[in-house]
Amino acid sequence: MCKGSAITIFVILFTLFLLYYEMDYEIGWLRILSKTSSFIAISTLSMSFVLSIRIRLIEVLFKGLDRAYIVHQILGRSSLFFMLMHPILLAASYGWDKDIMSIYFIPGKSLYHTLGLLSVITVIALVALTICFNYKYDIWLYTHRLMIFALPLAILHSIELGSEMEYEPLQYWVIFVSIVGMISYAYKVLLYNRIGSKSQFTIEGISYRGDITEMSLGPLEKCSDIKPGQFFFVRFPDIGGEMHPFSVSKIDKKQSLRFSIKRSGDYTSEKLLNLNIGDRATLYGPYGMFFEDAHSGQENVYFVAGGIGITPFLAYLNSFDGKGNKNIRLIWTVSNIEEAVYEQELEELQTSIEGFSYEIWLSKINGRLRAKDVFDLYGEDERGNLWVYICGPGNLNHALSADFYSMGIPASNIKVEYFTLK
Ligand SMILES: Cc1cc2nc3c(=O)[nH]c(=O)nc-3n(C[C@H](O)[C@H](O)[C@H](O)COP(=O)(O)OP(=O)(O)OC[C@H]3O[C@@H](n4cnc5c(N)ncnc54)[C@H](O)[C@@H]3O)c2cc1C
């Protein structure tokens, strides 16, 4: 388990420890569970805000911003579950008494119960929107940000109505955790654009390969060291304020960066096409720790790329200095051969890097790639001594990492880069 997850679990358990220390156990198990739910909900919601900030510390603690976002998502959904359970368990503890239920579930009967109810409704509405509707990302982002209102409402509700909050250590701890959550949120929404670590670049070249827009960006100022496998949140002021994450697909010696951007939605298929050479780019980052351990004597390495997930591997191979891995085998799964626009580049890398070989897997012809197919292609390495790096769409990442694990590759040897932060 990474340090970040351990800290998150500690925050939740410590909150429960303080709650149970002062708890009146005579109130019955349903009310005990109800109170437990409410405190878990507050701590998970607060921590979910903390984990959404894009700072180096979070990245180091979770071994990658993408992993922190996965925990952020789990916490957000857990807070919804526990927020819902709180009034339901409480109503059950009163034998579903209609008068009591009306206080819990009908707004306006009591101010502080109404605040709690509003908090639950806010979270339900926003998480339901995320899960059920495939909104455009920017619309989703604006609605998602409203989530912050749930936290102060829940805190006011629990301070006023939760008898345990009279126990000062619990009260101070809960207020502290939620203030950290709210400050993190305020930083991300109000300050990150202005004070987040960023560098100015200019567009030096634009070209198109199939449905990929390739952009070469040259630095206008000194930028922090960039490692292969890292990504930036990129903003092009000439086409608006949106910021999108893209991995570097090649790092040139003068720190010019190549990005390979697949056309997928309105930003990448339309707005981006209005850019011209000489336009400015602001790059926030770099982030990412995909290849953090790649130089520590890993002899046999499989790189598995799905579609545009090839970009971090291209950056790695293009910067490869011959140290570290001995045998790198890359398998790139694409729907059809027209999508394999970097085949020529891979061919050249195969010639220049000793021990590197690649295969293209056409999923329209061969079906979905499985771990077994990779072993069939490359033969059996000693499985405990094999490292697997996977980057592609979410479903490919999940399916293949589970597949490799079930075929005997230790979880610690399977590294996955997620191309989604939602
Ligand atoms: C760490 C990381 C590295 C990535 N590297 C590359 C890359 O090298 N090349 C490439 O083509 N794509 C990459 N992506 C994916 C890329 O960010 C999305 O395809 C792009 O933002 C889609 O924007 P859109 O509006 O055109 O499409 P939409 O259809 O609006 O979005 C498609 C999906 O992209 C994600 N997304 C959209 N906008 C944002 C945003 N502002 N911030 C975060 N996520 C967003 C959401 O999950 C959304 O569901 C990467 C993503 C991540 C998280």
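Here, each number is a calculation from the coordinates, and none is a lab measurement. Treat the numbers as computed from the prediction; the structure is a model and nothing was measured. Don't worry about glycine lacking a Cβ; one is built from the backbone with ideal geometry, like all the others, and counts go over all protein chains shown.
Taken about its Cα centre, the range 305-422 carries a charge dipole of roughly 520 debye when the Cβ of each Lys and Arg holds +1 and the Cβ of each Asp and Glu holds -1.
Determine, at each q value in 0.15, 0.17, 0.19 (inverse angstroms), the log₁₀ of I(q)/I(0) that the Debye formula gives when each Cα of the range 3-195 is one equal point scatterer. After summing over all Cα pairs, the log10 values are -0.91, -1.15, -1.38.
Against the chain, whose longest principal axis is taken from its Cα atoms, helix 65-93 shows a tilt of about 20°. In plain terms, the C-alpha convex hull of the range 307-403 casts an average shadow of 6.2 nm² when viewed from every direction. Considering only beta bridges that DSSP places wholly inside the chain, some 55 percent are antiparallel.
For a label point 7 Å from the Cα of residue 84 along Cα→C-beta, name the residues of the range 107-122 whose backbone N is under 14 Å from it. What the label zone holds, given the 14 Å backbone N cut-off, is 120-122. GNM remark for the chain: springs join alpha carbons under 10 Å apart, and the peak mean-square fluctuation among 203, 103, 175 falls on 103. Residues whose amide H lies under 5 Å from that of residue 250, counting only those 5 or more places away or on a different chain, are 258; hydrogens are built 1.01 Å from N in the peptide plane.
Pick from 85, 407, 289 the residue whose mean-square fluctuation is largest in a GNM of the chain, springs joining Cα atoms under 10 Å. Between 85, 407, 289, it is 407 that shows the largest mean-square fluctuation.
Applying 1/(1 + (r/R0)^6) with r as the Cβ-Cβ distance of residue 128 and residue 299 and R0 = 45 angstrom yields a FRET efficiency of 0.40.
Within the listed set 67, 77, 31, the Gaussian network model of the chain (springs between alpha-carbon atoms below 10 Å) gives the highest mean-square fluctuation for 31. The mean sequence distance of close C-alpha pairs (under 8 Å, at least 6 residues apart), as a share of the length of the chain, puts its relative contact order at 13 percent. Here the chain is scanned for chymotrypsin sites (Phe, Trp or Tyr not before Pro) in DSSP loops (not H, G, I, E, B) that have at most 12 other Cβ atoms within 10 Å, and the longest stretch holding none of them is 134-422.
Compared with the alpha-carbon gap, the fully stretched path from residue 9 to residue 370 is longer by 126.6 nm at 0.36 nm per residue. By the Cα gyration tensor, the range 192-254 has an equivalent ellipsoid whose semi-axes, rounded to whole angstrom, run 19, 16, 12 from largest to smallest. Of all lysines in the structure, the ones whose alpha carbon falls short of 16 Å from that of residue 262, not counting any fewer than 8 places away in one chain, are 250, 271.
Shape descriptor for the chain: Rg over Rh equals 1.03 (Cα atoms; Rh from the Kirkwood inverse mean 1/r).
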